[in-house]
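Quick note: the coordinates plus some simple rules give every number you see, no bench work behind them. These numbers come from a predicted model, not from an experiment. Using ideal geometry, Cβ is built from the backbone for each residue, glycine included, and neighbour counts are taken over all protein chains shown.
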Amino acid sequence: MDINTKLLHGYPVVDPFTGAASIPKYQTSTFNQKDLTGPKQPYSYTRFGNPTVAALEEGYAHLTNATHALAFASGMAAISNILMLLKSGDHVILPIEVYGGTCQFATAILPSYNIEAEFIDMSSIKNIEQHIRENTKMIYIETPSNPLLKVSDIKGITDLASEKGIMTVADNTFMTALYQQPLELGVDIVIESATKFINGHSDVVCGLIATNDEAIYEKLVLFQKNFGGIVGVDDAWLVLRGMKTMGLRMERSVYNAEKIAEFLLTQEKVAKVYYPTLSQHPLSDVHKKQAANGGAVLSFELRDEEALNSFIEKKQIPILAVSLGGVESIISHPTTMSHACLTEEERRHQGISNTLLRLSCGIEDLDDLLQDLEQALN
Ligand SMILES: Cc1ncc(COP(=O)(O)O)c(C=O)c1O
């Protein structure tokens with residue numbers, strides 16, 4: 001099955017009880033049980049499971065070719081549940097430029113459980129190897145990373161980790177299951193913020209996890225039930241609907257991103273462009289080996305603050321907001337938005353300058369986007 005067919009078939013898209021062509025919102029907290037002694041019914045209470053949520057979970061398992069998937073109330077709910085698989089005394093390695101929420105969870109919450117998080121440059125396997133300790137129990141991958149689209153070699157990392165018996169996790173939000181399949185490259189757990197491309201309409205927060213490991217799945221089922229972070233029925237339904245058009249949306253967004261990255265390279269006011277398939281990208285060969293294209297997100301640095309302020313004032317099409325992955329183009333300023341919690345020194349250390357902008361390309365017509373960017377730059 002190719003992508004656009006796969007997004008519409010092979011998981012619950014038709015309601016098995018009524019034949020409705022859209023899985024209904026099973027808006028209920030509890031389920032009537034027929035008797036006390038008969039066979040156990042599949043659903044009892046929505047925090048433990050719900051048919052609308054189950055359809056989404058099966059859909060994500062289908063997209064990732066995984067045996068199991070779980071849906072959470074946000075990307076961060078999914079990520080924090082995964083990090084809670086660690087135990088007191090464990091050490092986890094994460095990329096320096098890991099998503100801000102994950103960084104905050106690892107630095108502000110994990111230490112109270114005596115779990116140590118170390119943030120390192122993950123572009124080199126050798127560097128990762130040097131940071132592995134006896135008690136390293138998890139390596140957390142995010143490639144391409146936010147906002148500089150740095151790349152790490154997924155297969156290289158999973159080969160190293162499996163040799164040492166270390167669990168691997170990949171945040172696949174930027175590429176999505178359509179364009180990068182970390183589980184097939186040996187990762188144990190994949191997570192995506194479905195808030196972004198999967199839902200695609202900037203109207204929901206949701207997180208999805210997939211794994212082929214039965215024991216990990218069973219633990220995460222327990223966490224989903226006991227931490228109570230399962231996604232709500234309304235949100236699950238919206239993500240299920242968004243997912244059906246994800247292939248077409250992403251195809252257009254990626255096309256726009258590729259063309260815009262090339263256009264920005266020619267612009268005098270632009271000092272640098274970050275996009276993982278550009279030949280200027282130091283690890284574009286690694287990215288091309290593990291992903292189908294460069295994705296729909298790029299970043300660029302303007303020459304100075306004056307150019308930055310005038311660009312933001314003049315741009316008309318992209319909205320200025322945090323987040324990414326919507327049908328509308330979204331521009332964000334990492335210094336004052338996603339990375340505002342870092343000190344200037346920490347941002348500099350990561351390579352994030354004050355004039356850096358991140359653009360999540362939407363599905364608008366390319367010519368309109370190019371014209372708007374050109375007039376805002378000049
Ligand atoms: C790469 C990445 N991972 C995880 C998250 C967290 O997702 P959510 O906002 O759905 O909790 C985000 C949010 O921006 C993200 O960009």
For the chain, set up a GNM with springs between Cα atoms under 10 Å and report which of 269, 40, 289 has the largest fluctuation. 40
Among 177, 77, 20, determine the one that fluctuates most according to a GNM of the chain built with springs between C-alpha atoms less than 10 Å apart. 20
Part-to-part distance (alpha-carbon centres) for the stretch 73-107 and the stretch 218-294, which is given in Å: 20 Å
Largest-first semi-axes in Å of the equivalent ellipsoid built from the Cα gyration tensor of the chain are 35, 26, 18
Taking amide H atoms as placed 1.01 Å from N in the peptide plane, list the residues 5 or more away in sequence, or in a different chain, whose amide H sits under 5 Å from that of residue 141. 169, 170, 171
Based solely on its DSSP helices, what 222 nm [θ] is calculated for the chain when runs of n ≥ 4 H residues each add -39,500 (n - 2.57) and the sum is averaged over all residues, nearest 500 deg cm²/dmol? -10000 deg cm²/dmol
Relative contact order (percent) for the stretch 246-377, with alpha-carbon contacts under 8 angstrom and 6 or more residues of separation? 29 percent
Please turn the phi angles of the stretch 89-104 into ³J(HN,Hα) values with the Karplus equation 6.51 cos²θ - 1.76 cosθ + 1.60 (θ = phi - 60°), one per residue in order, whole Hz, x for glycine and proline. x, 7, 10, 10, 9, 10, x, 3, 9, 4, 3, x, x, 5, 4, 5
Computed P(r) (all Cα pairs; the stretch 1-106; 10 Å bins; percent): 11, 30, 30, 20, 7, 0
In which sequence would 36, 369, 222 go, from the one with the fewest C-beta neighbours within 10 Å to the one with the most? 36, 222, 369
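Could you compute how fast the stretch 238-348 diffuses translationally, taking Rh as the Kirkwood radius over C-alpha pairs and applying Stokes-Einstein at 4 °C with viscosity 1.567 mPa s? Give it in µm² per second. Kindly include the intermediate steps, with their values, before the conclusion.
Numbers: Rh = 15.7 Å.
It comes out at roughly 82 µm²/s.
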Using +1 on the beta carbon of Lys and Arg, -1 on that of Asp and Glu, and nothing else charged, what's the dipole of the stretch 30-105 about the Cα centre, debye to 20? 260 debye
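Which entries in 137/196; 34/219; 87/164 show an alpha-carbon gap greater than 20 Å?
Cα-Cα > 20 Å for 137/196; 34/219; rest within.
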I'd like the distance separating the alpha-carbon centroids of the stretch 136-153 and the stretch 17-45, in whole Å. 40 Å
If neighbour count is taken as other Cβ atoms inside 10 Å, put 363, 79, 319 in order from fewest to most. 319, 363, 79
Going by amide H atoms built from the backbone, whose H comes under 5 Å of the H on residue 49, apart from near neighbours? none
How high is the relative contact order of the chain, given as a whole-number percent (alpha carbon pairs under 8 Å, six or more residues apart)? 17 percent
What number of lysine-lysine pairs in the stretch 230-378 show an alpha-carbon separation below 30 angstrom, given a sequence spacing of 8 or more or placement on distinct chains? 16
Amide hydrogen neighbours beyond the local backbone of residue 364, cut-off 5 Å, H modeled: 329
Give a residue-ordered list of calculated ³J(HN,Hα) values for the stretch 202-210 (Karplus: 6.51 cos²θ - 1.76 cosθ + 1.60, θ = phi - 60°; whole Hz; x for Gly, Pro). 6, 10, 8, 10, 6, x, 10, 10, 9
Whole-Hz ³J(HN,Hα) for each residue in the stretch 194-201, computed from phi via Karplus 6.51 cos²θ - 1.76 cosθ + 1.60 with θ = phi - 60°, x for glycine and proline: what do you get? 6, 3, 8, 5, 5, 6, x, 10
What does DSSP give for the chain in terms of the percent of beta bridges that are antiparallel, rounded to the nearest 5? 55 percent
Listed with the fewest Cβ neighbours within 10 Å leading, 342, 183 appear as 342, 183
Taking the alpha-carbon set of the stretch 92-180, what are its Rg and Dmax in Å? 12.6, 37
Out of 294, 156, 49, any idea which swings most in a Gaussian network model of the chain, alpha carbons joined below 10 Å? 156
